Amino acid sequence: MTHFDFPQGFLWGTATAAHQVEGNNVNNDNWLMEHLPGTIFVEPSGDACDHYHRYADDIALLAELGFNLYRFSIEWARVEPEDGAFSLAELDHYRRMLAACHEHHITPMVTFHHFTTPRWVVAQGGWEAAATPTKFARYCERATRHLGDLIGAACTINEVNIGVLLTSVGMLPSPEVLHQAPWWKAAAQALGIAPHDFAPFNFASSARSRDTIMEAHRRAVEAIKSVGNFPVGITLALQDVQAADGGEAQADRLRYDLNDSFLEAVRGDDFVGVQTYSRHRIGPNGSLPPEAGVERTEMGYEFWPEALETTIREAAAVAQIPIIVTENGLGSHDDTRRVEYIQRAVRGVANCLKDGIEGRGYTYWSALDNFEWTMGYRPTFGLIAVDRSTQQRSVKPSARLLGEIARANAIDF
Ligand code: BGC
């Protein structure tokens, strides 16, 4: 048996995102897409986990479990519901959330953009419009002025490469197919724009959207740093891209497009947020389905907790900046599988630290069973179950396990 002590001050966290837990984020693009006839969202987000009103109890529960980091996002569409009109009441709401974290000795990590975008931004061309980076930076600056003294660390944008990832692994139709879908056309019509000008974040895979998003990140870092004094980074959806026989060259290309080109672009940031869920195999003819005999998660991809160790090593080697695991987790109704997943993933983090990689934290996705985007409430990633008819929370054994690891700041394996 090996014992490993994590460095003092190592961050043990869990995460949520505004739209997935708050409920009734009616001013953003996602809410619009969820309510169109024929939409690819299996159900709307509705009240979600009502975290907007229940955050105080939820944060107290995370502290009681042993966590010292809580990563959550602030909703741009609440803070700036119309172009240039900022809501002090909503900023004060997020101030209260941050204060609740401090009250419980939890470091709050804030994400300024986690997939959802105000409708007015999307109506102006969204993530393909030249003006969006400036608008995003203005919002980040305004929010940091109001909240910055309470923020422990920040992520500008969550998973800037999500559209590229989903398209290249076949989890999303190509832009050509999307633009023809009746619900897509209806969304564009509702916003008064043409279908090819509808550019929401989670479906952004074009070169132009990549440039717009990375430019928004750079501008946001500058804006945040002009008023705030805390570490700022970005988060990336990293896949452990593996080559099957004959697929080496294709795998190298995909690894570069998906992971390394973005990791190169964030050199110079204070840290990079690694978000890894599984591996992806490539053969001579492209993407391969899950391997026969390998367990699958509720998301359809493989149960592969070792992917985290591989991507942390890759991120450290390419980005050459400190790493924080800002998401890693399992969608499963069987919590015993989550326990195993966490144990194996955290072991991978320990292996990286033993080799001298500068890893500063591990954040499990997600704190609560929440709204899993197009898949609705079916997949359950949470450490804490939510009965959405009563909003009652129930702690799962995996939450206790990770909380104990956090308290001990050590693992035995
Ligand atoms: C996202 C989360 C999502 C999770 C699980 C990540 O891509 O940041 O919002 O719920 O993966 O699929």
| note | Farthest towards the positive end of the dipole of the chain, among L165, F41, I74 and with Cβ unit charges of +1 on Lys and Arg and -1 on Asp and Glu, lies the Cα of I74
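First check a/c for the stretch 249-301, with a ≥ b ≥ c the square roots of the eigenvalues of its C-alpha gyration tensor; if it is under 1.5, answer rounded, and if not, answer prolate when a/b is larger than b/c or oblate otherwise.
In terms of gyration-tensor shape, oblate.
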| request: Treat every Asp and Glu Cβ in the stretch 84-161 as -1 and every Lys and Arg Cβ as +1, leave all other atoms uncharged, and give the resulting dipole magnitude about the Cα centre to the nearest 20 debye. | output: 200
| message | Taking just the alpha carbons, could you work out the radius of gyration and Dmax for the chain, both in angstroms? | response | 20.0, 63
| the stretch 104-188: C-alpha pair distances exceeding 20 Å, % | 50
| task | Show the residues, 5+ positions off or on another chain, whose built amide H is closer than 5 Å to the amide H of G283. | result | A244, L288
| query | Counting only the backbone N, which residues of the stretch 122-155 are under 14 Å from the spot 7 Å out from the Cα of A89 toward its beta-carbon? | reply | none
| Separation in nanometres of the label points that stand 7 Å from Cα toward Cβ, at H179 and M1 | 6.0
| Accessible solvent surface per residue of the chain, calculated while the other protein chains remain in place, 1.4 angstrom probe, Å² | 37
| request: Please quote Rg/Rh for the stretch 250-399 to two decimal places, taking the Kirkwood radius as Rh and restricting both calculations to Cα atoms. | output: 0.99
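Give me the percent of the accessible area of the chain that comes from carbon and sulfur atoms, probe 1.4 Å, all protein chains in place.
Details: 7710 of 15430 Å².
The nonpolar share, carbon plus sulfur, comes to 50 percent.
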| remark: Check: C-alpha center the stretch 293-321 vs C-alpha center the stretch 6-60, spacing in Å is 24
| request: Of the options L236, G246, A194, report the single residue whose Cα projects farthest towards the positive end of the charge dipole of the stretch 170-261 (beta-carbon charges: Lys, Arg +1; Asp, Glu -1). | output: A194
| query | So how strong a dipole does the chain carry about its Cα centre when Lys and Arg Cβ are +1 and Asp and Glu Cβ are -1, to the nearest 20 debye? | reply | 380
| Globularity index of the stretch 177-271, i.e. its alpha-carbon radius of gyration over 2.2 N^0.38 Å | 1.41
| message | Positive end of the dipole of the chain, charges at C-beta (+1 Lys, Arg; -1 Asp, Glu), about the Cα centre: which of M1, V294, W31 has its Cα farthest in that direction? | response | W31
| said: Once each part is reduced to its C-alpha centroid, what is the distance from the stretch 361-413 to the stretch 247-289 in angstrom? | reply: 27
| query | Which of the trypsin sites (Lys or Arg not before Pro) found in the stretch 264-305 are in a DSSP loop and have at most 15 neighbouring Cβ atoms, other than their own, within 10 Å? | reply | R267
| said: Using Stokes-Einstein with the Kirkwood hydrodynamic radius over Cα pairs, what translational diffusion coefficient do you get for the stretch 1-98 at 10 °C and a viscosity of 1.306 mPa s, in µm²/s rounded to a whole number? | reply: 101
| Volume in Å³ per residue [convex hull over Cα atoms, computed for the stretch 77-137] | 83
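The values are calculated or read from the model by the stated rules, or taken from the named source; none is laboratory data. Quantities reported herein were computed from a predicted structural model and do not represent experimental measurements. Every residue, glycine as well, gets a Cβ built from its backbone with ideal geometry; the counts of neighbours run over all protein chains shown. These accessible areas exclude ligands, DNA and RNA; they are computed on the full protein's heavy atoms, side chains included. Shrake-Rupley method; radii C 1.70, N 1.55, O 1.52, S 1.80 Å.
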